[in-house]
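Following: one structure in structure tokens, then a few remarks.
Here, each number is a calculation from the coordinates, and none is a lab measurement. None of the values given here were measured: they were computed from a predicted structure. Note: ideal-geometry Cβ built from the backbone for every residue, glycine included; neighbour counts use all protein chains shown.
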Amino acid sequence: ISRVVDRMIVILPFEEALYRQAGVPCEFVGHPLLDAVASSYDRAELRKRFGFETSAPVIGLLPGSREREVRSLLPVMLEAAARMARWHPGLLAVVAQASSIREGLEGLIEELAAGAGLGVRVVRDQPNEVMAASDLLLVASGTATLQAAVIGTPMVIAYRTSWLSYWLARLVIRVNWIGLVNIVAGRGIVPELIQDEATAERLSDEGHRLLRDEAALSGMRAAFRAVRDSLGSPGASRRAAEVILKECRA
């Protein structure tokens, strides 16, 4: 990179120091998520829009945007929500369906949701609103974990991939976490259940533990505020454009 790049523009706070240590001119401009997420949401209004009881516990399910992720994680997440409903009467689940999901997979999502054995809504193209309306999220590892942290909704992270991909990744990746929110925080503020740990039993146990522990929820929300503050301020795209213009004029 240092041989071919005049200046790096990065959106995660820890990246700037890494590139500078490697001798690459670099500038942190903040994260564009801050422009895509509202500063606050009216949970009561969102629940009314989605047809939820205001007082009902709501679990948001975000199984990812790729077909393999959805097929692997959504059935587990739905089963976990059904297990949690035994401990939390009236619990509702809502699936945030990514806009990139192709038409054929939409039918599978609807079929899985209908057979889950509890009230499940499928909401398309409104991930921020689903996150804001939920008490707790079960989230596939990815940018959605950082998105949820910016909104401030507690979560449990899950991920499954092929065992070959998993072990190949283990050979080259040297990080303590895979969840972006934990990587940005520099510590494990959100539980991560990966590969054979990503079971309905483990997800429901972690979810139930959080829902009944207000101190844990408050601590997680406080950590999320620190993560959001570390991402800079809105306007990342404009700042990136200004860096590019300045570099071109130099």
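Starting from the Kirkwood Rh over alpha-carbon pairs, what translational D in µm² s⁻¹ does the stretch 175-223 have by Stokes-Einstein at 10 °C and 1.306 mPa s?
Stokes-Einstein gives a translational diffusion coefficient of 135 µm²/s.
Quick one: which residues, 5+ away or cross-chain, put their amide H under 5 Å from the amide H of VAL10? H built at 1.01 Å from N.
Distant-sequence amide H within range of VAL10: GLU27, PHE28, VAL29.
Could you list which residues have their amide H under 5 Å from that of VAL122, counting only those 5 or more apart in sequence or on another chain, with H placed in the peptide plane?
For VAL122, the qualifying residues are VAL95.
State the Cα centre-to-centre distance between the stretch 53-88 and the stretch 210-245 in whole Å.
What the calculation gives is 24 Å, centre to centre.
For a Förster distance of 35 Å, can you work out the FRET efficiency between the beta-carbons of TRP87 and VAL5, rounded to the nearest 0.05?
Working: r = 52 Å, r/R0 = 1.49.
E between TRP87 and VAL5, to the nearest 0.05, is 0.10.
Find out how many positive minus negative residues lie around GLU242, taking Lys and Arg as positive, Asp and Glu as negative, among other residues whose Cβ is under 13 Å from that of GLU242. Before the final figure, lay out the partial values.
Numbers: positive: ARG7, ARG238, ARG239, LYS246, ARG249; negative: GLU27, GLU247.
Cβ neighbours under 13 Å give a net charge of +3.
Shape verdict for the stretch 1-121, please, from the Cα gyration tensor: rounded (a/c under 1.5), prolate (a/b greater than b/c) or oblate.
prolate
Name the residue from MET131, LEU105, ALA44 whose Cα lies farthest towards the positive end of the charge dipole of the chain, charges +1 on Cβ of Lys and Arg and -1 on Cβ of Asp and Glu.
Farthest along the dipole direction, towards plus: MET131.
To the nearest 500 deg cm²/dmol, what mean residue ellipticity at 222 nm is calculated for the chain from DSSP H runs of n ≥ 4 alone, each contributing -39,500 (n - 2.57), summed and divided by the residues?
-15000 deg cm²/dmol
Can you tell me the Rg and Dmax of the chain, counting just the alpha carbons, in angstroms?
Looking at the chain, its Cα Rg and Dmax stand at 19.3, 64 Å.
The stretch 98-157: D in µm²/s via Stokes-Einstein (Kirkwood Rh, Cα pairs, 20 °C, 1.002 mPa s)?
Answer from the Stokes-Einstein relation: 170 µm²/s.
Non-local amide H neighbours of ALA158 (under 5 Å, H modeled in plane, Pro and chain starts lacking H): which ones?
For ALA158, whose amide H was placed from the backbone, the distant partners under 5 Å are VAL139, ALA140, SER141, LEU193.
Do any trypsin sites (Lys or Arg not before Pro) in the stretch 2-55 lie in a DSSP loop with no more than 12 other beta carbon atoms within 10 Å, and if so, which? All intermediate terms of the calculation are to be shown ahead of the outcome.
Numbers: sites: ARG3, ARG7, ARG20, ARG43, ARG47, LYS48, ARG49; in loops: ARG3, ARG7.
Answer by residue number: ARG3.
Output the peptides 146-153, 231-238 sorted from most to least packed, where packing is the average of other Cβ atoms within 10 Å over each peptide's residues.
Descending packing order for the listed peptides: 146-153, 231-238.
Just in the stretch 1-66: which GluC sites (Glu not before Pro) are loop by DSSP and have at most 13 other Cβ atoms within 10 Å?
Values: sites: GLU15, GLU16, GLU27, GLU45, GLU53; in loops: GLU53.
Answer in residue order: GLU53.
Pairs of alpha-carbon atoms within less than 8 angstrom and 6+ residues apart define the contacts here; what relative contact order does the chain have, in percent? Please report the intermediate quantities before stating the final value.
Working: 402 pairs, mean separation 58.1, N = 250.
It rounds to 23 percent for the chain.
Quick one: net charge of ALA216's neighbours, Cβ under 14 Å, K/R +1, D/E -1?
On the way: positive: ARG209, ARG212, ARG221; negative: ASP135, ASP205, GLU206, ASP213, GLU214.
Here the count lands on -2.
Compute the signed sum of charges (Lys and Arg +1, Asp and Glu -1) over the other residues within less than 10 Å, Cβ to Cβ, of ILE151.
Working: positive: ARG228; negative: GLU129.
Summing Lys/Arg as +1 and Asp/Glu as -1 gives 0.
I'd like the Karplus ³J(HN,Hα) series for the stretch 30-41: coefficients 6.51, -1.76, 1.60, θ = phi - 60°, whole numbers in Hz, and an x wherever there's a Gly or Pro.
So the J values, rounded to whole Hz, are x, 9, x, 4, 5, 8, 8, 10, 5, 5, 7, 10.
When the Karplus curve 6.51 cos²θ - 1.76 cosθ + 1.60 is applied with θ = phi - 60°, which whole-Hz ³J(HN,Hα) does each residue of the stretch 91-98 get, with x for Gly and Pro?
4, 10, 10, 9, 9, 8, 8, 5
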